[in-house]
Amino acid sequence: MRAWTIGFDADDTLWHNERFFRATEDRFADLLASHMEGPHLRARLLDAERRNLGLYGFGIKGFVLSMIETAVEVTEGRVPGTVVREILAMGRDMLAHPIELLPQAREAVEAAAAEGEVVLITKGDLLHQEQKLAASGLGDLFDAVEIVSDKTPSTYLRIFARHGARRAMMVGNSLKSDVIPAIAAGAWGVHVPHGIPWELEHADPPLDHPRFRAIASLGEFSSLIAQIAAAD
């Protein structure tokens, strides 16, 4: 049995993601500027995303549907077909955007591989997440890939049990999805904050929990895993 199973989140942990959503929100606000001011429109869009997560899940396709729904609402059903077409084009642009790795992403995954089995644990659209991993150049470093609809304690319990190591760890930028539920499942949770958090992923850090750690960047991961492994 390998000593560790170490999970890594993908979006905004290994590569940039949220900033493309923000840029698209800016385009969306410009597109509908004659109907609603930007801050109010963004609030309406966030409400739509919150309502629709249980129906569409996470990812660009659900985001596009929420933009279309918001456009219909704020125009009182009079949204022109040209606007819908432009929103769909925005979604295609997001899906086609090149992958931009975060600094030290490869080195962090390599450091994890030296300690045990490495698993990519990400949520979102299956096809797009597979495409992003293939484009990232990191696929050869992972022993397994788990693309899930949501990240809950039961999700992590199931994944870590399947991979069967003595100890487990989850590394990610979201306290709500990557850290807190992994700790609840008995794993270590390592928070790597990203500069652009999504409002629906906000949570307070579990600062007093003995299996919680926070690092400023992936460049600190190698020394952190070595310290934890040596002390355990």
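The values are calculated or read from the model by the stated rules, or taken from the named source; none is laboratory data. Being a predicted model, the structure only gives us computed values, none of them experimental. Please note: Cβ atoms are built from the backbone with ideal geometry, for glycine as well, and neighbour counts cover all protein chains shown.
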task: Given the conditions (1) part of a helix (DSSP H, G or I); (2) touching a Leu at 6+ places or on another chain (Cβ under 8 Å); (3) not small (Gly, Ala, Ser), report the number of the one that PRO205 does not fulfil.
output: (1)
query: Among the candidates ALA105, ALA96, ALA113, ALA89, which residue alone is crowded, with 18+ Cβ neighbours inside 10 Å and among the small types (Gly, Ala, Ser)?
result: ALA105
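Can you confirm whether VAL84 is out of contact with any Leu (no Cβ under 9 Å at 6 or more places or on another chain), assigned by TED's automatic domain parsing to the domain that holds LEU200 and either within 24 Å of THR152 (Cα to Cα) or without any contact (Cβ under 8 Å) to a residue 60 or more places away in the chain (or both)?
Values: out of contact with any Leu (no Cβ under 9 Å at 6 or more places or on another chain): yes; assigned by TED's automatic domain parsing to the domain that holds LEU200: no; either within 24 Å of THR152 (Cα to Cα) or without any contact (Cβ under 8 Å) to a residue 60 or more places away in the chain (or both): yes.
Here the answer is no, as VAL84 does not meet what is asked.
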message: What pairs come out if I take residues in the range 164-188 that are modelled with pLDDT of 95 or more and pair them with residues that are among the hydroxyl-bearing types (Ser, Thr, Tyr) and crowded, with 22+ Cβ neighbours inside 10 Å whose C-beta lies under 6 Å away, six or more apart or interchain?
response: ALA168/THR5; GLY172/THR13; ASN173/THR13; PRO181/TYR156; ALA182/TYR156; ALA185/TYR156
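Just to verify a result, which residue in the range 1-40, among those that are touching a His at 6+ places or on another chain (Cβ under 8 Å) and assigned to a helix (DSSP H, G or I), is modelled with the highest pLDDT?
From the range 1-40, those touching a His at 6+ places or on another chain (Cβ under 8 Å) are 5, 12-13, 18, 20; that's our starting set.
Pick out the ones that are also assigned to a helix (DSSP H, G or I) and you get 18, 20.
Numbers: GLU18: 90, PHE20: 94.
Per the criteria, the residue is PHE20.
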Subset of the range 116-170 [among the aliphatic types (A, V, I, L, M), buried (at least 19 other Cβ atoms within 10 Å of the Cβ) and farther than 25 Å from ILE228 by Cβ]: LEU133
message: Looking for something closer than 23 Å to ALA113 by Cβ and among the hydroxyl-bearing types (Ser, Thr, Tyr) - is there at least one such residue anywhere in the range 12-27?
response: yes
Residue list for the range 215-232, filter: more than 20 Å from HIS16 (Cβ to Cβ) and not in a helix (DSSP H, G or I): ASP232
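Looking at GLY38, is it exposed (fewer than 15 other Cβ atoms within 10 Å of the Cβ), in contact with a helix residue (DSSP H, G or I) (Cβ under 6 Å, 6 or more places away or on another chain) and either touching a residue at least 40 places away in the same chain (Cβ under 8 Å) or not assigned by TED's automatic domain parsing to the domain that holds ALA185 (or both)?
Against the criterion (exposed (fewer than 15 other Cβ atoms within 10 Å of the Cβ), in contact with a helix residue (DSSP H, G or I) (Cβ under 6 Å, 6 or more places away or on another chain) and either touching a residue at least 40 places away in the same chain (Cβ under 8 Å) or not assigned by TED's automatic domain parsing to the domain that holds ALA185 (or both)), GLY38 qualifies.
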